[in-house]
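The values are calculated or read from the model by the stated rules, or taken from the named source; none is laboratory data. A quick note: this is a predicted structure, and the numbers were derived from the prediction, not measured. Cβ placement follows ideal geometry from the backbone for every residue including glycine, while neighbour counts extend to all protein chains displayed. Only protein heavy atoms, including side chains, enter the accessible area calculation; ligands, DNA and RNA are left aside. Shrake-Rupley method; radii C 1.70, N 1.55, O 1.52, S 1.80 Å.
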Amino acid sequence: MLSGKTIVLGVSGGIACFKAAALASMLKKQHADVQVIMTENATKFVTPLTFEQLTGNKALVDTFDRNFVHSVEHIAVADRADFVLIAPATANVIAKFAHGLADDMLTTTVLACRCPKAVAPAMNTGMYENPVTQDNLAALRRYGWEIVDPATGRLACGTSGKGRLPEPEDLLEVCLHALAHEKDLAGKRVLVTAGPTQEAIDPVRYLTNHSSGRMGYAIAKAASRRGAEVTLVSGPTALKKPAYVDTVDVISAQDMFDAVVSRASDADIIIKAAAVADYRPEAVSDNKIKKADGALSIPLERTRDILGTLGADKRPGQFLCGFSMETEDLLENSRKKLEKKNLDMVAANNLKVEGAGFGVETNVLTLITPDGMTELPLMSKDAAADALLDAIRTRMG
């Protein structure tokens, strides 16, 4: 995803340096050109050789290194940088960036960079919450820096609180969000639904389905990386909430109906990838239903039709895409859904096709519109999400 991109990874002195090494490895696996620049204090925790082995580039430390002094290396690095991430960022280096101080290789290089920048603070809670540090972070925000919120947990000093460097995979997402895709959905508001719903029978049991939520989460993440303002309405899943996305947790079909319909008018694009229950118990028992001899019947009633409601109320210029999971007559059933619910597109898949079922990392989608269809090959759900968004952008013009 980062092929052809140069990322400057600034590493300042703190115990969290080891996470920067893991991040450098992850960035390299995404085919980024990773240029690590370390402060002198950082080299006391992790050696430059570690980063050199992970990235294939010499880790820069000394502004006056004789190997670089004639090429003005810090300017050369600044000119080719596509993104700067400082991780970990100590209170000291944050203060330097906020006030334009440039007294080592890292600060001089970053001061010369014109690309987007992000800083990931890592320090003791007291240092992080100190008004001076907060003022410095506020100054960086004003200058256009992204501030990555530190995590909360046990710190190296033995206390617990806010100040931990986020995990390497979270820092990788910061880089992917900045660079992985052209921001061709900037200015668009996208509403996505994902996951199953749960319809209570009693306080212990519920009706649900096998949806993992992976497809909807992939769409939300992809739309966010493309610059959209994304709201994800999610049923219960085991998935981590995607970064840069406003996630609204719901449980039942009625919960999802209320959350989606109340937000629909603000959305430019609505993608309904959730597997919403069509039926729910007519009555929910206040107590656990006890086992008894013989059969048990549970009368069911229809849930409210979210997609049908959205189609009936669709405003001019709004794009509405539904999903259709079938086990037979895929095209016929999906086309009926497209017309009946006034949709602009249906993303259809067949549960019986290998790689297109629930709980897998891949999908096989057929994109159906009023004037045609496009069959996509087996691909990862991340790739399918981007293909779907490409198709929607083309239809919207």
>> For region 296-355, give me each residue that is polar (S, T, N, Q) and either under 27 Å from the mean Cα position of the chain (by Cα) or within 24 Å of residue 268 (Cα to Cα) (or both).
In response: 309, 318, 324, 334, 342, 349, 350
> If you go through region 138-154 one residue at a time, do you hit one that is free of Cβ contacts under 8 Å to residues at least 12 places away in the same chain, in a helix (DSSP H, G or I), among the charged types (D, E, K, R) and exposed (fewer than 15 other Cβ atoms within 10 Å of the Cβ)?
Replying inline: yes
>> Just to verify a result, which residue in region 259-283, among those that are part of a strand (DSSP E or B) and of a type outside the set (Val, Ile, Thr), is surrounded by the fewest Cβ atoms within 10 Å (Cβ to Cβ)?
In response: 279
>> Please verify whether residue 93 is touching a residue at least 24 places away in the same chain (Cβ under 8 Å), buried (at least 21 other Cβ atoms within 10 Å of the Cβ) and not in a helix (DSSP H, G or I), treating the condition exactly as stated.
In response: no
>> Exactly one condition in (1) of a type in the set (Ser, Thr, Tyr); (2) open to solvent by less than 70 Å² (accessible area, probe 1.4 Å); (3) farther than 16 Å from residue 117 by Cα; (4) more than 21 Å from the chain's Cα centre (by Cα) is false for residue 12; which is it?
In response: (3)
>> So for region 95-118 (the condition being touching a Phe, Trp or Tyr at 6+ places or on another chain (Cβ under 8 Å) and of a type in the set (Lys, Arg)), does at least one residue qualify?
In response: yes
> Conditions: (1) farther than 21 Å from residue 19 by Cβ; (2) of a type outside the set (Ser, Thr, Tyr); (3) open to solvent by less than 30 Å² (accessible area, probe 1.4 Å). Residue 35 meets all but one. Number of the miss?
Replying inline: (1)
>> Whether any residue in region 58-67 is open to solvent by 70 Å² or more (accessible area, probe 1.4 Å), closer than 19 Å to residue 117 by Cβ and modelled with pLDDT under 95 is what I want to check.
In response: no
> Counting residues that are aliphatic (A, V, I, L, M) and in contact (Cβ under 8 Å) with a residue 12 or more places away in the chain, which strands (runs of 3 or more DSSP E) fully inside region 297-358 reach at least 3?
Replying inline: 345-350
> Out of region 102-131, which residues are assigned to a helix (DSSP H, G or I) and open to solvent by less than 20 Å² (accessible area, probe 1.4 Å)?
Replying inline: 105, 106, 107, 109, 110, 128
>> Six or more apart or on different chains, Cβ atoms under 6 Å: show the pairs whose first residue is in region 198-220 and on the phi > 0 side of the Ramachandran plot and whose second is assigned to a strand (DSSP E or B) and not hydroxyl-bearing (Ser, Thr, Tyr).
In response: 213/194
> Which one of 286, 255 is modelled with pLDDT of 95 or more, over 21 Å from the mean Cα position of the chain (by Cα) and part of a loop (DSSP other than H, G, I, E, B)?
Replying inline: 286
> When region 300-312 is examined, which residues are found to be closer than 20 Å to residue 336 by Cβ and open to solvent by 70 Å² or more (accessible area, probe 1.4 Å)?
Replying inline: 302, 304, 312
> What strands (runs of 3 or more DSSP E), lying completely within region 184-251, carry at least 1 residues that are crowded, with 24+ Cβ neighbours inside 10 Å and among the small types (Gly, Ala, Ser)?
Replying inline: 189-194, 229-234
> For residues in region 15-43 being part of a helix (DSSP H, G or I) and within 17 Å of residue 93 (Cβ to Cβ), which is farthest from the chain's Cα centre (by Cα)?
Replying inline: 43
